[in-house]
Amino acid sequence: MSFITRGFSGRRAERDPRLPPGQTLVGDWPVLSAGPTPEIDPDDWEFVVRTENGEHRWNTEQLQALGMEDITVDIHCVTHWTKLDMPWRGVSLDRIFDEVETAHDYVMAHSYGGYTTNVPLEDLLDGKSWIAFEADGEPLTPEHGGPARLLVPHLYFWKSAKWVRGLVTMPDDDPGFWEQNGYHLHGDPWQEERYW
Ligand SMILES: Nc1nc2c(c(=O)[nH]1)N[C@H]1C(S)=C(S)[C@@H](COP(=O)(O)O)O[C@H]1N2
Ligand SMILES: [Mo]
């Protein structure tokens, strides 16, 4: 009996429910960078948050002292690959914004090398994003954004700025690098918010 059922629904049943529409599973971890990989000495790395009220700075040690967490998440690239169950280690943006006061609703993430991407603050808080220092149990390699990158796994992976150097809060949702070039302002993979 079951072989008939398999004939009709087998392919659909093989599709992992954690795979958003239009995505394909990969086992490896592709590298996607819009420009060259910047060389950043972890000893010189600093993270800066600028708001309408002023500036906050942390070096690696100070930032990690806010509390490193281990998380396992799925990542989804707009170029249609998804990687499931990736272990990461980093500091929750909740810990950072415990120390930051802003009335703004949006942030622009800025990277060494000039990359930018815009994210609503509500997509960064309540356990939704991290400043990641490790992936797969190892320090982030330079090509994957080391020494530190933003990790916003519930949005397409272009929002996870590699070589992150800071966040600037904004009253409006101004577009970042890819967003100015046609990518969606928000980028929810479950809504297929790829382009606009
Ligand atoms: N600074 C910076 N961050 C970036 C990018 C980039 O070009 N520069 N590319 C984005 C895109 S489109 C993707 S899919 C992921 C790729 O990360 P990976 O190379 O670690 O897979 O990084 C995102 N963050
Ligand atoms: Mo991407």
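The values are calculated or read from the model by the stated rules, or taken from the named source; none is laboratory data. Quantities reported herein were computed from a predicted structural model and do not represent experimental measurements. Positions of Cβ are backbone-derived with ideal geometry, glycine not excepted, and every protein chain shown enters the neighbour counts. Accessible surface is based on the protein model in full, side chains and every heavy atom, while ligands, DNA and RNA are left aside. Shrake-Rupley method; radii C 1.70, N 1.55, O 1.52, S 1.80 Å.
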**Prompt:** Using the alpha carbon gyration tensor of region 111-186, what are the three equivalent-ellipsoid semi-axes (square root of 5 times each eigenvalue), largest first, in whole Å?
**Reply:** 21, 14, 11
**Asked** Under a point-charge model restricted to the Cβ atoms of Lys and Arg (+1) and Asp and Glu (-1), what is the dipole moment magnitude of the chain relative to its Cα centre, in debye to the nearest 20?
**Response** 1020 debye
**Prompt:** What is the local net charge at PHE177, summed over the other residues whose Cβ is closer than 13 Å to its Cβ (Lys, Arg +1; Asp, Glu -1)?
**Reply:** 0
**Message:** What are the ³J(HN,Hα) couplings of region 91-101, residue after residue, when phi is run through the Karplus curve with 6.51, -1.76, 1.60 and θ = phi - 60°? Round to Hz, x for glycine and proline.
**Reply:** 9, 5, 5, 4, 5, 5, 7, 4, 9, 10, 10
**Prompt:** What is the set of long-range amide H partners of MET86 at a cut-off below 5 Å, with H atoms built 1.01 Å from backbone N?
**Reply:** VAL73, ASP74, ILE75
**region 164-170 - phi-based ³J(HN,Hα) in whole Hz, Karplus 6.51/-1.76/1.60, Gly and Pro as x** = 5, 10, x, 10, 10, 6, 9
**Asked** In whole Å, what is the distance between the alpha-carbon centres of region 41-83 and region 91-146?
**Response** 4 Å
**Prompt:** Using the Cβ atoms and a cut-off under 13 Å, what net charge is assigned to the surroundings of TRP163, where Lys and Arg are +1 and Asp and Glu are -1?
**Reply:** -2
**region 62-107 shape via C-alpha gyration tensor axes, a/c threshold 1.5** = oblate
**Request:** Considering only GLY27, GLY146, GLY90, give the residue with the highest GNM mean-square fluctuation for the chain, with springs between Cα atoms whenever their separation is below 10 Å.
**Result:** GLY27
**Prompt:** Quick one: accessible area per residue over region 43-171, 1.4 Å probe, rounded to a whole number of Å²?
**Reply:** 40 Å²
**Request:** May I ask you to give the percent of accessible area on the chain that is carbon plus sulfur, with a probe radius of 1.4 Å?
**Result:** 50 percent
**Asked** For the chain, modelled as a GNM with alpha-carbon contacts under 10 angstrom, which of TRP130, TRP58, TRP29 fluctuates the most?
**Response** TRP29
**Prompt:** Expressed as a fraction of 2.2 N^0.38 Å, the rule-of-thumb size for a compact globular protein of N residues, what is the C-alpha radius of gyration of region 1-147?
**Reply:** 1.30
**Item:** Amide proton proximity set for TRP81, modelled H, under 5 Å, gap of 5+
**Value:** THR24
**Request:** Give me the angle, in degrees from 0 to 90, between the Cα long axis of helix 2-14 and the longest principal axis of the Cα atoms of the chain, rounded to the nearest 10.
**Result:** 20 degrees
**Long-range amide H partners of GLY176 with built H, under 5 Å** = ASN118
